[in-house]
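The next block holds one structure in the form of structure tokens; read it before the comments.
Derivation of every value follows stated rules applied to the coordinates shown; laboratory data play no part. Since this is a predicted model, take the numbers as computed values, not measurements. For neighbour counting, all protein chains shown are included, and Cβ atoms are generated from backbone atoms with ideal geometry for every residue, glycine included.
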Amino acid sequence: MVIDECMDDVDFRILALMREGLSDATIGRKLSRGHRTIQRRICHMMDSLGVSGRFALGLKVAELNLLAARELPGHAADLGGTAAASTFT
């Protein structure tokens, strides 16, 4: 599976904000999108990565080290904060 084919920059930003523990509604506000749009994108990511839940999505993202590959200098601020948190809510 090629991750970049099924996930775009917005998806990675959503994952980073999820890792910080933000709700779908808060993520939507930060990204200027509706919370249902965020929920749909999360469901699409779960389907694309073959998992069936937000927790499993977080584990798969960590297993594949997806966010570390995207966190370049200056990029973390664009993701809505620090990368210190390691769990999804």
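Order these peptides, 7-15, 44-52, by their mean beta-carbon neighbour count within 10 angstrom, highest first.
By packing density, highest mean first, the sequence is 7-15, 44-52.
Work out from phi, with θ = phi - 60° and the Karplus expression 6.51 cos²θ - 1.76 cosθ + 1.60, the ³J(HN,Hα) of each residue of segment 7-19, listed in order in whole Hz, and give x for Gly and Pro.
3J(HN,Hα) across segment 7-19, in whole Hz: 9, 10, 4, 4, 4, 5, 5, 4, 4, 5, 6, 4, 4.
Does segment 8-56 come out rounded, prolate or oblate, given a ≥ b ≥ c as the square roots of the eigenvalues of its C-alpha gyration tensor, rounded meaning a/c under 1.5 and, failing that, prolate meaning a/b above b/c?
prolate
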